[in-house]
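Asks: Take this structure first; my questions come after.
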Amino acid sequence: MDDGKFRLRMFGKKTRTAREIKKDEVNINELIGINDYSMANEMFPDPFITCCFIDDTRIFINLFHNYSLTHYHFVWDYKKRRVIGKTVPGKVKHTAVNHVIKDCNNKNFPYKCFYNDEKN
């Protein structure tokens, strides 16, 4: 995260130019329709966004948008360059799941959130 801007950046063994990196980067804010009002807490080591590979092409991404107290999680297929999963109505533009967290404050964050293949 950089000044409220959530991004997914893929990398490998081959060196790329800044232009190639930018072209491949995923703008999460734009993808799920959130603003850049989240602010990281200084001196707090845990991130507001985490991800893990599910398989060779799918990545489970979860983040906490602290301005709206909303937790988002979704699966990104980096080969197809799209979110996969069920569509959720509301303010999310694509196919991500969002949950407003009750009884929390803007210092919450996605912590130990894992993808469960059985429960999708």
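Asks: Would it be correct to say that Asn41 is within 17 Å of Asp2 (Cβ to Cβ), among the polar types (S, T, N, Q) and at pLDDT 85 or above? Walk me through how you get there before you give the answer.
Replies: Working: within 17 Å of Asp2 (Cβ to Cβ): yes; among the polar types (S, T, N, Q): yes; at pLDDT 85 or above: no.
So Asn41 does not fit the description; no.
Asks: Okay, next question. Of the residues that make up the range 43-50, is at least one assigned to a strand (DSSP E or B) and closer than 22 Å to Asn116 by Cα?
Replies: As a first pass, look at the range 43-50 and keep what is assigned to a strand (DSSP E or B): 49-50.
Checking the rest, the ones that are also closer than 22 Å to Asn116 by Cα come to 49-50.
Yes: the range 43-50 contains one or more residues that are assigned to a strand (DSSP E or B) and closer than 22 Å to Asn116 by Cα.
Asks: Given the options Tyr111, Tyr115, Tyr67, Tyr72, name the one that is part of a loop (DSSP other than H, G, I, E, B), of a type in the set (Phe, Trp, Tyr) and modelled with pLDDT of 70 or more.
Replies: Details: Tyr111 fails: modelled with pLDDT of 70 or more; Tyr115 fails: modelled with pLDDT of 70 or more; Tyr72 fails: part of a loop (DSSP other than H, G, I, E, B).
Going through Tyr111, Tyr115, Tyr67, Tyr72 in turn, the sole match is Tyr67.
Asks: Hey, can you tell me all the residues within the range 1-38 that are at pLDDT below 80 and in a strand (DSSP E or B)?
Replies: Asp2
Asks: Within the range 1-16, take every residue that is surrounded by 10 or more Cβ atoms within 10 Å (Cβ to Cβ) and of a type outside the set (Phe, Trp, Tyr) and give me the one that is farthest from Asp56 (Cα to Cα).
Replies: Filtering the range 1-16 down to residues surrounded by 10 or more Cβ atoms within 10 Å (Cβ to Cβ) leaves 1, 4-8, 10, 16.
If we keep only those that are of a type outside the set (Phe, Trp, Tyr) too, we end up with 1, 4-5, 7-8, 10, 16.
Numbers: Met1: 24, Gly4: 29, Lys5: 26, Arg7: 20, Leu8: 16, Met10: 13, Arg16: 21 Å.
Among residues in the range 1-16 that are surrounded by 10 or more Cβ atoms within 10 Å (Cβ to Cβ) and of a type outside the set (Phe, Trp, Tyr), the one farthest from Asp56 (Cα to Cα) is Gly4.
Asks: For Asn62, state whether it is without any contact (Cβ under 8 Å) to a residue 24 or more places away in the chain, touching a strand residue (DSSP E or B) at 6+ places or on another chain (Cβ under 8 Å) and not β-branched (Val, Ile, Thr).
Replies: Details: without any contact (Cβ under 8 Å) to a residue 24 or more places away in the chain: no; touching a strand residue (DSSP E or B) at 6+ places or on another chain (Cβ under 8 Å): yes; not β-branched (Val, Ile, Thr): yes.
So Asn62 does not fit the description; no.
The values are calculated or read from the model by the stated rules, or taken from the named source; none is laboratory data. Values in this document were obtained by computation on a predicted structure and should not be read as measured data. So basically every Cβ, Gly included, is an ideal-geometry build from the backbone, and we count neighbours across all protein chains shown.
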